[in-house]
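The values are calculated or read from the model by the stated rules, or taken from the named source; none is laboratory data. Owing to the predicted nature of the structure, the values given are computational and were not obtained by experimental measurement. Don't worry about glycine lacking a Cβ; one is built from the backbone with ideal geometry, like all the others, and counts go over all protein chains shown. Protein only, heavy atoms only, side chains kept; ligands, DNA and RNA dropped before computing areas. Shrake-Rupley method; radii C 1.70, N 1.55, O 1.52, S 1.80 Å.
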Amino acid sequence: MHRLLVALLAALDAAVSAIVGWAAVLAPLTLMWVFAFGGLADWSALWPSTVRIWQLGNFVPLGLTLDGEFLVQTGLPEEAGSFVLSLAPLAFGVLIAAFAARSGRRALRSGKWATGVAAGTVATALAALIANVTSGNPVASVDAWRAILMPTLVYAVPMLIGAVTGAWSEGDDGIVDRIHDAADRLPAGWREFPALMVRGGGMALAGVVGFAALAIATAVPLRGGSVIALYETTQVDLTGALLLTLAQFAYLPTMIGWAMAWMAGPGFAFGAGTGVTPAATQLGVLPGVPLLGLIPEQGSPLLLLSVLAPVVAGAIAGWGIRIAFRAEARAERVDHEPTVPRAVLAVGIAVIAGAGAALIAALTSGSLGPGRLAVTGPDAGAIALAVGLEVLVGAAILLLAPRSYERRLGEWVRGDEDDEPRADENSGDRRDIAASLD
């Protein structure tokens, strides 16, 4: 495909991503305006609000300045008149990243993935620039360089990752193929090492996030009464309840990140001097947001068993990589599985999983309001250490287990009974009996 056409298609993808993001915010805001004020929507107010929410979803901190009269009417203290809001609704970032990674794959199939990534990056930066210039707002302000840089990175980095990972598996006749060829020249046992390490780390991290999502799903029926009570205290009509629910769905991936931190052990904070961990919960007064009703009111020593979830995720990753490692050894006609590469693989899987968990913790942390609410979310360093060590334990058990033990475990999981050797032994016994009778 011609390079110019690739660039145009990638730029179109980036433009569509930005437009869809704006529309996802603008549509509910317009409905709220129409039903709340009973008139035509005011574009001069809706567009700046739309852009600021979109920017927050792209990890751009907002500086909020509230009017003094508003503070008096609502009974808020004077220090609440100016604060930073930086805790992003992670659903925006997740959807944009998925769309960008898909665009990167399409650029790879065109044969000019570097051109596509560059065009998508430039188009996103241009869209962010236009949005920021046209959205002057006295209430919510942003730093211009962050308003352009952060949305660009949120789109460009996943697009690059999607293109490079696709090129590693499918080939690109370029730099990725040369790196792959260099890896193929490594000694047996190390040849597929980079790919196995990344795959195992991704499997472990996906397992940890999956267990966190399961914990949130389990908390919904268990803590549903608290959620309903908080909905009732808001005293909003049907339209307000629907809009509030949509806003909470935007923060649902953020809650999953907090659940991951909770399962790992260190937990998360919801305000300065607070902490939510499996062992104990120490919280102050929470905002009346229904989704916060899912936060456990107290801890328990039994809940510390939740740290087994990352261990199990690491074990599943180790088992899958052990199978792939054995297949590679058989393809190389190697009768044994070297211990040192397997040990390094376990460490590499743990490092990648820990780094991914630290990234999730960083993305789900920030400021949610004035005063003590300026400290919200998990600590990235503590989460990286906890998840890394727990995944290492699980991965090492399966990767370094003796082959006989690992074979028995695989047969138990598959439900194999090893019937053939028993049949041979029984037939031999029958032949011996028949010979003695003769």
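Results, tabulated for the structure shown:
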quantity	calculated
Karplus-derived HN-Hα couplings along region 378-388 (A = 6.51, B = -1.76, C = 1.60, θ = phi - 60°), whole Hz, x at Gly and Pro	x, 8, 5, x, 5, 5, 4, 5, 5, 5, x
Per residue accessible area in Å² of region 221-376, where ligands, DNA and RNA are left out and the probe is 1.4 Å	47
Square roots of five times the Cα gyration tensor eigenvalues for region 201-299, Å	24, 17, 11
Distant-in-sequence amide H partners of ALA279 (H built 1.01 Å from N, under 5 Å)	SER300
Local net charge near ARG102, Cβ-Cβ under 14 Å (Lys/Arg +1, Asp/Glu -1)	+2
Computed lengthening from VAL347 to VAL20, 0.36 nm per intervening residue step minus Cα-Cα distance	113.7 nm
Volume per residue that the Cα convex hull of region 109-165 spans, once the total is divided by residue count, Å³	70
Label-to-label distance, nm, for residues given as LEU46 and SER82 (7 Å Cα→Cβ offset)	3.2
Euclidean distance between Cα centres, region 130-144 to region 45-65, Å	8
Principal axis dimensions, largest first and in whole angstrom, of region 233-383 by Cα	70, 33, 27
Region 95-155: chymotrypsin sites (Phe, Trp or Tyr not before Pro) falling in loop per DSSP and having at most 16 other Cβ within 10 Å	none
With DNA, RNA and ligands ignored, accessible area of SER365 (1.4 Å probe; Å², nearest 10)	30
Probe 1.4 Å, all protein chains present, accessible-area order of GLU232, GLU390, largest first	GLU232, GLU390
Distance between modelled label sites at ALA195 and HIS2, nm, 7 Å Cα→Cβ extension	3.5
Spin-label model distance (nm) - LEU359 vs ILE228, 7 Å beyond Cα toward Cβ	4.1
Extension gain (nm, one decimal) between ARG178 and VAL157, 0.36 nm per residue minus Cα-Cα	5.4 nm
